[in-house]
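Structure first, then comments.
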Amino acid sequence: MQDTSWVPLFPEGASSFAWEVDALYFYLIAVSAFFAIIVVAAVFYFFIKYREREKFATPPEIHGSIPLELFWSFVPFVISMTIFLGGAIVYYNQYKIPEDTMEIFVVGKQWMWKVQHGTGQREINELHVPVGRKVKLTMTTEDVLHDFYIPAFRTKADVVPGRYTSLWFEATKPGKYRLFCAEYCGLNHSGMGGWVYVMEQRDFDNWLAGNLSNQTPVQQGQDLFTNKLGCASCHAGGQNQRGAILEGIFGKEVKLVGGQTVIADEEYIRNSILNPAGQVVEGYQPIMPTFKGQVTEEQLVALVAYIKSLSGQSGTTAAPMTPATDGTTAAPANTAGAGK
Amino acid sequence: MENVDSINTGEEKGEEKVNYLTNGFSVKSWLLTKDHKRIAIMYLISVSVFFVLGGIYAGLIRLELLTPASDLLESGSYNKVFTQHGVIMVFFYLIPAIPAVLGNFLLPIMIGAKDLAFPRINLLSLYIYWVGGSLTLFALMQGGVDTGWTFYTPYSTTFSNSFVMLVGLGVFINGFSSILTGLNFIVTTHTMRAPGMTWFRLPLFVWAQYATSLVMILGTPVVAITILLLAVERLTQTGIFDPALGGDPILFQHLFWFYSHPAVYIMILPSMGVISELISNFSRKKIFGYEFIAFSSIAIAVFGFLVWGHHMFVSGQSIYAGLVFSFLTMVVAVPSAIKVFNWTATMYKGSISYDTPMLYAIGFLGLFLIGGLTGLFLGSVGLTVHVTDTYFVVAHFHYVMVGGTVLGYLGGIHYWWPKMTGKMYSEFWGRISAMLVFIGFNLTFFPQFILGYQGMPRRYAAYPEEFQVLNIFSTAGASVLGIGMILPVIYLVGSLINGKSAGPNPWLLPGLEWRTSSPPPTFNFEKTPVVTWEAYSFGEDSGLDIEEARRESTVSPTA
Ligand code: HEM
Ligand SMILES: [Cu+2]
Ligand SMILES: [Cu+2]
C-alpha cells in the first residue's frame, strides 16, 4: 500500500485493492507522459526547425523506413501488453469474489438503493460495513439498469434486472464515503446515491444491535417458503415430495432433463422460481408453477437466502459478535459519525 | 501538364468560365442536382445546422453544471438536453460530417473522376439524411428523448415515456444514408480512378474514406436491426431486451456496441485522412510511411469490429470476456500509434507553413494523442472498473471526437475552402480561431479527467459540491471553445463576400484537386487527367511549375 494523500486533486482510497488501481493509474500516466513528451517535443522541434523559409520549397523526399516502422509498432505493442496484464490482474482482484465473505443484499430501484444485511437490518441509500471484512454485495434491480459505485473503493458494478450481479470489497479505513449510481436510470439518476459508512468492528456490532430487525433474510425466506407462497407443499414432504429436494443443492451440480448439468448458484435458484419450466430437474415432472409477478425482488433475495441456508450456506456470517444486550442500547458512538 | 490551367478550363460562356456553382441558379438546379459537389455543399449546410444545434445543447449542459444543484434545468430537462446533444452530434454531425461533406466533394476529384459512380444514389442519400434529420428534429420539438444516445434497455423500451420511437426512427432512416454513401465511395474508388491513378498513388484521404466506407456498410445494418428490435419490443411487448418480458438487456448492449464501437472509427478515420493530407501538404513533404498509414486504416476498420465489449466491462459480462476484450483493445491501439509517429516523422526536414489548416492539424496531433492514450486507460480493465461511466470517459471521447474529428473537419474545411468556393478567408482570423479552439478545448475537457478519477459519474444533473471548482473551469473553457467555433462561421461566410480570389492552386500542391480551377467545373476536369506522379511529390516530376509560381508569388501573394 502507498499513501496518495499528498497528490493534489486525488481521491481517497479505502479498499484493499484501491492502491492497485491507483498504481495502475500512475503507471499509465507515466507511459502517457513518456509518449506525449516524445511526440510533442518532436512536433515542436520540427515545427520550428523546419519552418517554411522559402515559398514552395521542395524539401528532400523521404519515403519511410521499415526498421523505424517496425520499431514504433513493436515498442507500443509491448507496452500496451504490460498495460493489459496490469489491468487484468487488478480486474481479477476486483471482480473475483473471494471465499468467506459477509454477504449483503442490494436492490436498486428508481431512484434508491435498498440494502438488507444478513442479519436482517435494512437501510436505504446507506450501507454500513465493518472495516477489514470482506463484503460481498449480491445485487439486482426492480426496474432498469443501475450501477453501484463507490469511488473510494475504486469499484463498481452494473445492477441488471432479471439477474444477480455481485461486487466485493474489503474496506481498509473507517470513514464515510460517497455512493453513486453510475448507470443512467432516468429522471433522478443523479439523486440516486448516498453514503457508505465504514466502521470498526465493535461500532458495527453496536450499529447492528441498535438497528435490530425482526427477521433475517433466511427467516423471512422460510416464512415465505412455508406459509406465504406454499413452496413447502411440494418441497417439504420428505421422500415422497413432489418437488425436487432442495437440501444441500447449493453450489452443487444439478442434472437437468435433456442431459445438461448446471451449477446451482443464486442465479439458478432465482430462475427456478421465476421460470421453472426453463430448467427442469431430471426425474421430476415440470409441475412447479411460475412465481413470476408474485414475488418482489426483495422476497426473491430472501427465498434464495433460505434455500442457500438449507445447504449450510448461511450467507449471514455477519451475526453480531457482541450479542445485543437489550434492544434499547443507546445509538452506537462510532467514529465514523454514522448518523442514526 | 506544363500549365496548371491546361487541364481544367471549364466550358466558356462569355468571358467567365462556368463552374459548378454558376452552372444553374434555380432551386431546382440544386435540389435535383447529380453533381457530387453541389450535394456536398448541401450537406455542408445541413451538417452545420446540426452542429450549431448540438453546440447549443452543449452550452446548456455546461451552464447547468456550473453549479452543483440542478437549478438552471431540472433533471428531466437536463436528461433530455444531454441525450439530444449526443444524438445530434453523433448521428447527424460526426458520422456524416467528413465523408458526406469533404469526401463527397473531393473523393471523385482526387481520383480524377467526373463524379461518384452513382450520382443519383448520392442525391438519395442526402434526402434520406434530411428525412432522418427532420424526423429527429420533429421529435425534439414534440418533447424530445431522455434515454441517452446509447438507448440502453430496458429503460428505453419500457420505462421512458419520451419520444424514443420517433428518434429511433430518425436514426434508423439516417443509417441508410451512411450505407449508400459508403457503397458509392467503395464502387467509385474501385472503378473510376483516372488512368495512372494506381491504388498506391491514391491520396491517403481516399484510403481513409475507403476504410470508413467498409465500416459503414458492414456496421450500420447492425444498428438498424437493433433499433428495429427495440421498436418491436416497445410496440408489441415481445420480450427481446426487457427481462420482465423474458428478454435480455445485455443483448442490447452487445448489439449496440457491435455497431457503435466501429462507429467511433467511422467518426475518426476520415479525420485521420484529412490530417495525412494536411501534414504532408503543409510540410511539402511526401508522407512518411505511406503504406503503413494506408494499411493501418484498414487494420483499424477490421479490428475495430472485435472490441465492442470494452464498453461493457462492468455490465455483468463474464470476467473472461472482459479480459479478451481488453486484450483486443490494446491491439487496436497500435495502428493509431503508428499513424501518429508517421505524421510526426513526415514533418522532419519539411518546409512547414503555419497556415490555418496546419495549425488545426497540429492541434489534432496534440489532442488525439491525449485521446488515444486515455483510451489505453479505459482499455485496461482494472482501471476502467473505476473510471467507466464517469467524467473520465466523457473527457476521453471528447478528446478523440472533438479533438480528433472536429479539428480534422475544421482543418479540412479551411484547407479546401478555396477549392470549394474559389475564395481565400482571412488567414489572421483563421489562426486566431485555431488557437482559441485548442486552448478552449483543453480547458474544457482536461479537468474532466481529474473529475472522473475523483469519481464524478456522467449524466448527472446535480453533483456533490466538492466537484464544483473543476466544473467551473470546464464551463469557462467551453466559452472560449464556443468563441473559437463561432469565428470561422463569420470569417468563412465573410470570405464569400469579400474574400480574395484563390486561384486554382494557392499553395502549389500536387494533388489532383489542385489541378482544376477553383471552384471546379461541373465535371471536375475538362479532360480526364493522366496521373504520372506519385502521391505527395512536390518536386519537378509532379509537373508543377514551381519557378513560375514563385515568381508570381513575389508579385502578388495569392496569384
Ligand atoms: C480513435 C478514435 C476513438 C474514438 C472516436 C473513440 C470514441 C469513444 C467514445 C464515443 C466512447 C464513449 C462511449 C460511451 O460510453 O458513450 C469511447 C469509450 C472508450 N474508448 Fe474510445 N475512442 C477512440 C479511441 C480509442 C482508443 C485508441 C482506445 C483504446 C486503446 C479507446 C478505448 C475506449 C474504451 C475502452 C472506451 C470505453 C470506456 C468505458 O465506457 O469504460 N478508444 N471511445
Ligand atoms: Cu442511475
Ligand atoms: Cu469502443
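The values are calculated or read from the model by the stated rules, or taken from the named source; none is laboratory data. Here the structure is a predicted model, which means the values were calculated and not measured. We work out accessible area using only protein heavy atoms, side chains counted, and drop any ligands, DNA or RNA first. Shrake-Rupley method; radii C 1.70, N 1.55, O 1.52, S 1.80 Å.
Its relative contact order, with pairs defined as Cα atoms under 8 Å and 6+ residues apart, puts region B:180-291 at 31 percent.
Cα centroid distance between region B:459-481 and region A:104-118, in Å? Each part's Cα centre sits 30 Å from the other's. Calculated translational diffusion coefficient of the protein assembly as shown (20 °C, 1.002 mPa s; Stokes-Einstein with Kirkwood radius over alpha-carbon pairs) equals 72 µm²/s. Within the listed set A:Gly87, A:Gly230, A:Gly64, the residue fluctuating most in the Gaussian network model of chain A (springs between alpha-carbon atoms under 10 angstrom) is A:Gly64. Note on region A:147-224 and region B:285-306: Cα centroid distance 47 Å, given to the nearest whole angstrom. Principal-axis analysis of the Cα atoms of chain B puts helix B:546-555 at an angle of about 90° to the longest axis. Result for chain A in a Gaussian network model with C-alpha springs under 10 Å: among A:Ile104, A:Ile124, A:Ile29, the largest mean-square fluctuation is at A:Ile29.
Remark: accessible surface ordering of A:Tyr92, B:Tyr155 (largest first) is A:Tyr92, B:Tyr155, probe radius 1.4 Å.
Is the shape of region B:473-549 best called rounded, prolate or oblate, per the rule: a/c under 1.5 gives rounded, else a/b larger than b/c gives prolate, else oblate, with a ≥ b ≥ c the square roots of the Cα gyration tensor eigenvalues? Note, shape of region B:473-549 comes out prolate. Apply the a/c threshold of 1.5 to the C-alpha gyration tensor of region A:102-209 and tell me whether it is rounded, prolate or oblate. In terms of gyration-tensor shape, prolate.
Taking every alpha-carbon pair under 8 Å whose residues sit at least 6 apart, chain B reaches a relative contact order of 20 percent.
Just subtract the alpha-carbon distance of B:Gln237 and B:Leu72 from 0.36 nm times their residue separation and send over the number in nm, one decimal.
Values: separation 165, 0.36 × 165 = 59.40 nm, distance 3.67 nm.
Gain on extension, B:Gln237 to B:Leu72, equals 55.7 nm.
What does the accessible area per residue of region A:186-306 come to in Å², with a 1.4 Å probe and no ligands, DNA or RNA counted? Before the final figure, lay out each step's value.
Details: 6010 Å² over 121 residues.
I get 50 Å² per residue for this part.
In chain B, the calculated helix contribution to ellipticity at 222 nm averages -21000 deg cm²/dmol per residue, counting -39,500 (n - 2.57) for every DSSP H run with n ≥ 4.
Rolling a 1.4 Å probe over the protein heavy atoms leaves B:His386 with an accessible area of roughly 0 Å². Under 5 Å between amide hydrogens, built in the peptide plane, is the criterion, and for A:Val159 it picks out A:His146, A:Asp147, A:Phe148 among residues at least 5 positions away or on other chains. Where the convex hull is taken over the Cα atoms of region A:39-152, what is its projected area averaged over directions, in nm²? Answer in nm², one decimal: 14.7.
Note on B:His190: accessible area is roughly 90 Å² with a 1.4 Å probe, heavy atoms of protein only.
Pairwise Cα distances in region B:194-263 exceed 20 Å for 48 percent of all pairs. Between the Cα long axis of helix B:204-236 and the first principal axis of chain B there is an angle of about 30°, rounded to the nearest 10. Comparing A:Asn271, A:Asn227, A:Asn93 in a Gaussian network model of chain A where C-alpha atoms under 10 Å apart are linked, the largest mean-square fluctuation is found at A:Asn227. Note on A:Arg51: accessible area is roughly 100 Å² with a 1.4 Å probe, heavy atoms of protein only. Using alpha carbons only, the radius of gyration of chain A set against its Kirkwood radius gives Rg/Rh = 1.14. Of B:Lys28/B:Lys339; B:Lys286/B:Lys423; A:Lys114/A:Lys292; B:Lys80/B:Lys419; A:Lys49/B:Lys527, which sit over 32 Å apart, Cα to Cα? Beyond 32 Å between Cα atoms: B:Lys28/B:Lys339; B:Lys80/B:Lys419; A:Lys49/B:Lys527. Annotation for region B:385-426 versus region B:118-145: alpha-carbon center distance of 23 Å. Restricting the calculation to Cα atoms, every distinct pair contributes to the Kirkwood radius of region B:311-360, found to be 14.1 Å.
Taking all protein chains together, B:His36, B:His310 sort by accessible area into B:His310, B:His36, largest first [probe 1.4 Å]. Seen against the Cα atoms of chain B and their longest principal axis, helix B:75-87 is set at about 30 degrees.
Normalised by 2.2 N^0.38 Å, with N the number of residues, the alpha-carbon radius of gyration of chain B equals 0.96.
Convex hull volume per residue, computed on the Cα atoms of region A:190-305, equals 172 Å³. Mean sequence separation of contacting Cα pairs (under 8 Å, at least six apart), scaled by the length of chain A, corresponds to a relative contact order of 17 percent. Of all beta bridges DSSP finds with both residues in region A:15-146, what is the antiparallel percent, to the nearest 5? Bridges in region A:15-146 that DSSP calls antiparallel: roughly 55 percent. The convex hull around the C-alpha trace of region B:113-163, projected and averaged over every direction, spans 5.1 square nanometres.
Each chain gives up part of its surface: B and A jointly bury about 7800 Å² of accessible area, both sides summed, for a 1.4 Å probe. The lysines whose alpha-carbon is closer than 16 Å to the alpha-carbon of A:Lys173, local same-chain residues fewer than 8 away aside, are A:Lys134.
Report summary: the helix-based calculation at 222 nm, which adds -39500 (n - 2.57) for every DSSP H run with n ≥ 4 and divides by the residues of chain A, gives -10000 deg cm²/dmol.
Can you give me the span-like helices of chain A, meaning DSSP H runs with 20 Å or more of Cα extent along the axis and Kyte-Doolittle mean at or above 1.0? Flagged H segments are A:18-49, A:66-95.
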